[in-house]
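**Q** Here it is: the structure, laid out below.
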Ligand code: NDP
């Protein structure tokens, strides 16, 4: 069945790989972007995940083109790394606002249509860092750990309506986000990954399409690590 899928931050990186994977299996895929545009074959809707108004407008556009969103992937995310003692409150709240509150805004807006349809799949893209912590990432790790509690609460609230909320925790994936890290940090990370390599965005996409499938309806509130073993199952 061709589903209406919405991926936040689907213009590049992991989000784009996820969007392409859904499109390849025949779904109607919309992705949010902040002005970059999106590759052909995907419906681009412009919106910043920190703006409830822009999110509502994006949903209206997607609903008109593809019908109510049945599969939501909250992928948009950012980092602003610095050590605790140097981190400003603004640096903390900005990251939480984009990564966690942004995901909340999308899940809440999507849940309306999902409840009416009695079908929904919500997948949050968290991070291994949400479990292990990360030096210099108090803001980011908090935002990513928060997604787990959020998903499980949604699972409890909406599980009886055939709506699931699950979490994927990527490890070190080759994208712009990790390309920005200093080489020394990248090398140190590599030494800790049992797989002995960085991951590819397509490997995250595979886990997301699995959790979003009709047949995955009995998987709810779960955390699926895709990290080459870095988090040892957490
Ligand atoms: P990128 O930096 O390559 O892409 C980030 C995406 O998020 C872009 O599409 C960006 O949009 C979007 N975004 C960021 N802030 C906002 C905002 N305020 N409003 C709308 N869109 C926004 O990151 P990745 O592809 O690597 O990461 C995707 C997700 O996976 C993130 O949530 C990240 O935390 C998570 N993750 C990544 C890992 C990795 O190793 N790469 C590891 C673990 C988790 P724009 O193009 O407009 O900037």
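The values are calculated or read from the model by the stated rules, or taken from the named source; none is laboratory data. Keep in mind it's a predicted model, so treat the numbers as computed, not measured. No Cβ is skipped: glycine too gets one built from the backbone with ideal geometry, and neighbour counts run over all protein chains shown.
**Q** Which residue out of 76, 103 is over 23 Å from residue 189 (Cβ atoms) and surrounded by 18 or more Cβ atoms within 10 Å (Cβ to Cβ)? Before the answer, list the steps.
**A** Working: 76 fails: over 23 Å from residue 189 (Cβ atoms).
Result: 103 is the single residue among 76, 103 that is over 23 Å from residue 189 (Cβ atoms) and surrounded by 18 or more Cβ atoms within 10 Å (Cβ to Cβ).
**Q** Now for a different question. Would you be able to tell me the number of residues in the range 22-37 that are surrounded by 23 or more Cβ atoms within 10 Å (Cβ to Cβ) and not in a strand (DSSP E or B)?
**A** As a first pass, look at the range 22-37 and keep what is surrounded by 23 or more Cβ atoms within 10 Å (Cβ to Cβ): 22, 29-32.
In the following step, the residues that additionally are not in a strand (DSSP E or B) were identified as 22.
Residues that pass the stated criteria total 1.
**Q** OK, next. Just to verify a result, which residue in the range 39-50, among those that are in contact with a strand residue (DSSP E or B) (Cβ under 9 Å, 6 or more places away or on another chain) and at pLDDT 95 or above, is farthest from the ligand (Cβ to nearest atom)?
**A** 43
**Q** For the list (1) without any contact (Cβ under 8 Å) to a residue 40 or more places away in the chain; (2) over 21 Å from residue 18 (Cβ atoms), I need the number of the one condition that residue 135 fails.
**A** Against the list (1) without any contact (Cβ under 8 Å) to a residue 40 or more places away in the chain; (2) over 21 Å from residue 18 (Cβ atoms), residue 135 comes up short only on (1).
**Q** Please indicate, with yes or no, whether at least one residue in the range 193-209 is touching a helix residue (DSSP H, G or I) at 6+ places or on another chain (Cβ under 7 Å) and part of a strand (DSSP E or B).
**A** No, because not a single residue in the range 193-209 is touching a helix residue (DSSP H, G or I) at 6+ places or on another chain (Cβ under 7 Å) and part of a strand (DSSP E or B).
**Q** Right, residue 100: under 15 Å from the mean Cα position of the chain (by Cα) and either in a helix (DSSP H, G or I) or within 9 Å of the ligand (Cβ to nearest atom) (or both) or not?
**A** Values: under 15 Å from the mean Cα position of the chain (by Cα): yes; either in a helix (DSSP H, G or I) or within 9 Å of the ligand (Cβ to nearest atom) (or both): yes.
In short, yes.
**Q** Residue 168 passes all but one of (1) in contact (Cβ under 8 Å) with a residue 60 or more places away in the chain; (2) assigned to a strand (DSSP E or B); which number fails?
**A** Against the list (1) in contact (Cβ under 8 Å) with a residue 60 or more places away in the chain; (2) assigned to a strand (DSSP E or B), residue 168 comes up short only on (1).
**Q** Also, quick follow-up: Has the range 51-65 got at least one residue that is over 19 Å from residue 108 (Cβ atoms), surrounded by 14 or more Cβ atoms within 10 Å (Cβ to Cβ) and within 12 Å of the ligand (Cβ to nearest atom)? Spell out the reasoning first.
**A** So the first thing to find is which residues in the range 51-65 are over 19 Å from residue 108 (Cβ atoms), and the list is 64-65.
Okay, now just the ones that are also surrounded by 14 or more Cβ atoms within 10 Å (Cβ to Cβ), so none.
Within the range 51-65 (the criterion being over 19 Å from residue 108 (Cβ atoms), surrounded by 14 or more Cβ atoms within 10 Å (Cβ to Cβ) and within 12 Å of the ligand (Cβ to nearest atom)), the answer is no, since none of the residues qualifies.
**Q** Then there's this: Taking the options 143, 127, name whichever one is in contact (Cβ under 8 Å) with a residue 40 or more places away in the chain, within 19 Å of the chain's Cα centre (by Cα), within 15 Å of the ligand (Cβ to nearest atom) and part of a loop (DSSP other than H, G, I, E, B). Full working, then the answer.
**A** Values: 143 fails: part of a loop (DSSP other than H, G, I, E, B).
Step by step, each of 143, 127 is checked, and only 127 is in contact (Cβ under 8 Å) with a residue 40 or more places away in the chain, within 19 Å of the chain's Cα centre (by Cα), within 15 Å of the ligand (Cβ to nearest atom) and part of a loop (DSSP other than H, G, I, E, B).
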